[in-house]
Every structure is written in C-alpha cells, then in structure tokens.
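Data block below; observations after.
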Amino acid sequence: MDQSALLELFAQKKRIVITTHRSPDGDAIGSSLALSSFLMKEGHDVRLVIPDAAPDFLHWMEGSDSMLNFELLPEACIEAVEHAEVIFSLDYNRLERIASLGEHVMASGAIKILIDHHIDPADYFDFALSDTKASSTSELIYRFSEAQGWLGHLDKAIAECLYTGIMTDTGSFKFSSTSADTHRIAAHLMDAGLVPEKVHSAIFDTNTYDRLQLLGHALTKKLEYDAERGVSIISLSLSEKNRFHYKKGDTEGLVNYGLSIQGTKMAVFLSEELNITKCSFRSKGDVDVNVIARTWFNGGGHKNAAGGRLDMKLEPALSYLKDVIEHKLRH
Ligand code: 5GP
Ligand code: MN
C-alpha cells in the first residue's frame with residue numbers, strides 16, 4: 001500500500017481502531033489521541049483501545065476519557081477490533097506489546113497501518129511509517145497527518161498531545177534523537193496555540209509526597225553502582241512500592257537517575273509486579289540495550305532505551321540480571 005492508496009482509503013468514512021502499547025507512556029497516549037482527533041475531524045468513526053491504564057499524569061489530555069481500556073472493558077475492545085476496517089498500531093511494532101488484544105488484531109481482516117520508531121518491526125501491516133531515527137511516534141503522526149493533508153485541523157488540544165509525546169520521548173528535547181525537524185514541528189505546535197510551560201507543568205509538576213519519598217528511598221537504599229563495569233541498578237519490590245502507596249507512573253524516569261552517574265554506561269531498573277518483574281534499561285553510546293532486552297529479558301525497544309519482563313519475583317530477577325551482566329556481556 002502506498003501514499004496514494006492511503007489518500008483513497010481515507011477519502012470515505014471508515015470505522016477505525018487505534019491501538020498502542022501496554023503500560024502506555026506520554027508518546028503512546030499523545031500520538032494516539034492526536035491521530036484520533038485528526039481522524040474524527042475528517043469524519044471517521046474512531047475508537048482508541050489501550051491494553052491497560054495510562055498513568056494519572058496523562059489524564060488531563062483531551063479525549064483521554066473516551067479511551068477503551070482492554071483490562072476493564074475487554075468485550076468492548078474486542079468488538080471494536082472485530083468491526084474495524086482500519087487498525088493503527090502506534091508506538092509499538094510487535095503484537096505481543098498489546099497483550100492478548102494482539103491475537104484479535106492479527107485475526108482481523110482490517111487494513112493495518114503501523115506508525116512507530118522502534119527497531120525491527122514485525123511484518124503484519126499493510127502500510128508502515130517506521131522510522132527508528134524519529135524522536136517519537138508523535139513526530140511521525142505530525143508527518144503522517146501532513147502527508148494526508150490533515151494539518152488544517154491542528155488545534156491547541158492536538159498540539160498539546162503531540163508536544164507531550166515529543167517532549168517525554170526526547171527527555172525534554174535533550175536526547176540525540178532530537179533533530180532540527182523535531183524543533184521545527186514543536187514551533188508549528190506553538191503556532192497552533194500550544195503553551196509548552198503548561199504541558200511541562202502538567203507532566204512534571206504533579207509529584208505526590210509519597211512519590212518523592214519513594215524516589216528518596218530508591219536512591220538512598222536501593223541504588224547499586226558497579227563503577228568497574230559502569231552499571232547502575234535500582235530495584236524495588238512490591239512491598240516497598242506499597243509502603244509508599246505506589247501508583248502507576250510513580251517510577252517513571254527513575255532509571256535515568258542511575259544513568260546520570262558519571263561514568264555510567266548502562267542503568268537498569270527492576271520493578272516487581274504481581275507475577276512478573278518489569279525491567280527498564282537505559283544506556284549511553286555503543287551499549288545496545290535493545291539487544292540485551294531482546295536476548296535475555298523478553299523485551300526490546302531502542303538501542304539506548306529498552307524494556308522487558310521476567311516471570312520471577314524481585315530477588316531471583318536481580319540475581320539473574322547480575323549473572324547476565326557478569327557472564328554474558330562484554331565489558
Ligand atoms: P521503559 O523502560 O520506559 O518502560 O521502556 C523503554 C523503551 O523500551 C520504550 O521504547 C518501550 O517501547 C520499550 N519497551 C519497554 N518494555 C518493553 C517490553 O516488554 N517489550 C518490548 N519489546 N519493548 C519494551
Ligand atoms: Mn515512543
């Protein structure tokens with residue numbers, strides 16, 4: 001399928017489902033809500049389906065009340081997928097990333113469109129805008145919408161969604177994925193009424209007392225640093241998280257503190273959940289955490305930021321991680 005086929009596809013009103021990945025972040029929700037608004041303004045019937053809840057600090061975004069949560073409303077989500085004529089995959093490129101919803105997407109006869117910036121997309125779509133150099137999926141939604149001629153619909157609310165995605169995925173425009181185009185797009189978003197300070201404050205100035213206490217605990221009691229290998233590890237058990245009344249999103253960005261230690265090449269954050277331990281990886285330079293996450297941690301992502309999961313409690317997960325670091329990685 002090519003660009004002209006896309007124009008033809010969207011020339012008539014369609015039933016469209018937008019999906020994004022499990023544990024959705026600012027880019028997942030921002031890109032999905034923005035695309036959803038563009039499509040609705042074009043007159044399409046749009047459902048936005050998320051595998052599980054978004055963190056509280058994203059709830060202010062316009063349209064976030066109308067997202068269908070697969071964990072809470074599985075039947076409604078499955079029905080939406082089964083009736084869709086077009087299904088978008090945003091900010092992920094393998095159907096495992098949307099839990100068992102992936103099987104329904106796979107079985108659907110809908111036209112599948114992938115818009116994403118992760119490495120190695122699986123081959124299940126009819127059209128892909130897959131660019132690993134792009135700062136964020138939100139930047140790609142801007143480009144995609146421009147190509148379809150939809151930018152006339154760009155308003156303040158859409159601009160806030162796209163800016164949220166770009167800002168959160170670039171660490172506030174500081175990661176190497178931030179290009180001149182990223183800044184040009186941000187400028188266009190400001191022309192559409194965006195006030196960056198408002199978005200920044202809505203995302204970052206919403207700490208609870210408990211969240212800061214949890215951060216303090218993690219940094220003072222749970223941060224291990226191996227200076228020889230340049231590896232930092234933070235690990236939190238379920239009971240530690242409960243002690244600080246953990247809410248989804250409370251540990252967002254925690255792994256970056258490990259990476260900020262001078263001389264660190266790789267930072268890992270292990271977070272125990274009910275039946276699994278979630279793993280987050282960040283790295284600098286040539287250390288490829290996408291490969292590490294994919295090879296040993298059932299995950300993937302980008303070269304310098306990746307994630308995965310282990311079917312283990314925290315203690316065995318921590319031992320396993322240290323074993324991989326000591327015996328499998330070249331230093
Ligand atoms: P985070 O550490 O913030 O959860 O995720 C960092 C990056 O790794 C994101 O780009 C995310 O899409 C990717 N990622 C996180 N968890 C997983 C996972 O379980 N599987 C895969 N394939 N990628 C993941
Ligand atoms: Mn992203």
Please work out which residue is farthest from ligand 1 (Cβ to nearest atom), limiting yourself to region 80-97 and to residues that are assigned to a helix (DSSP H, G or I) and over 21 Å from SER130 (Cα atoms). HIS83
Could you tell me whether any residue of region 156-169 is in the same structural domain as SER32 (by TED's automatic domain parsing) and not in a helix (DSSP H, G or I)? no
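A quick yes/no check of all residues on (1) in contact with a Cys (Cβ under 6 Å, 6 or more places away or on another chain); (2) of a type outside the set (S, T, N, Q); (3) closer than 18 Å to PHE38 by Cβ; (4) open to solvent by 10 Å² or more (accessible area, probe 1.4 Å):
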| position | (1), (2), (3), (4) |
| --- | --- |
| LYS133 | no, yes, no, yes |
| SER145 | no, no, yes, no |
| ALA187 | no, yes, no, yes |
| GLY193 | no, yes, yes, yes |
Is it true that some residue in region 259-272 is in a helix (DSSP H, G or I), open to solvent by 40 Å² or more (accessible area, probe 1.4 Å) and free of Cβ contacts under 8 Å to residues at least 24 places away in the same chain? no
Is there a residue in region 52-62 that is surrounded by fewer than 18 Cβ atoms within 10 Å (Cβ to Cβ) and free of Cβ contacts under 8 Å to residues at least 24 places away in the same chain? yes
So MET1, is it modelled with pLDDT under 95, surrounded by fewer than 18 Cβ atoms within 10 Å (Cβ to Cβ) and more than 10 Å from LEU90 (Cβ to Cβ): yes
Residue check, PHE144 in a helix (DSSP H, G or I) and in contact (Cβ under 8 Å) with a residue 24 or more places away in the chain: yes
Please pick out the residue among LEU39, LEU73 that is buried (at least 23 other Cβ atoms within 10 Å of the Cβ) and modelled with pLDDT of 95 or more. LEU39
The residue that is least open to solvent (accessible area, probe 1.4 Å), considering only those in region 147-158 that are among the small types (Gly, Ala, Ser) and at negative phi, is ALA157
Looking at the structure I just gave you, is ASP91 of a type in the set (Asp, Glu), within 16 Å of ligand 2 (Cβ to nearest atom) and without any contact (Cβ under 8 Å) to a residue 40 or more places away in the chain? no
Looking at ILE115, ILE141, ILE119, which is the one that is in contact with a Ser or Thr (Cβ under 8 Å, 6 or more places away or on another chain), at pLDDT below 95 and within 16 Å of ligand 2 (Cβ to nearest atom)? ILE119
Out of LEU101, LEU140, sole residue that is within 16 Å of ILE16 (Cβ to Cβ) and either open to solvent by less than 10 Å² (accessible area, probe 1.4 Å) or within 15 Å of ligand 1 (Cβ to nearest atom) (or both): LEU101
Scan region 190-221 residue by residue and report those that are under 26 Å from LEU238 (Cβ atoms) and not hydrophobic (A, V, I, L, M, F, W, C). THR206, ASN207, THR208, TYR209, ASP210, ARG211, GLN213, GLY216, HIS217, THR220, LYS221
Out of region 170-185, which residues are under 19 Å from ALA34 (Cα atoms) and either open to solvent by less than 30 Å² (accessible area, probe 1.4 Å) or in the same structural domain as ASP250 (by TED's automatic domain parsing) (or both)? THR170, THR182, ILE185
Subset of region 286-320 that is part of a helix (DSSP H, G or I) and buried (at least 20 other Cβ atoms within 10 Å of the Cβ) - its residue that is nearest to ligand 2 (Cβ to nearest atom): ASN290
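The values are calculated or read from the model by the stated rules, or taken from the named source; none is laboratory data. Keep in mind that what you see is a predicted model, and the values were worked out from it rather than measured. Here Cβ is always computed from backbone atoms with ideal geometry, including for glycine, and neighbour counts include all displayed protein chains. SASA here: full protein model, heavy atoms, side chains in, ligands and nucleic acids out. Shrake-Rupley method; radii C 1.70, N 1.55, O 1.52, S 1.80 Å.
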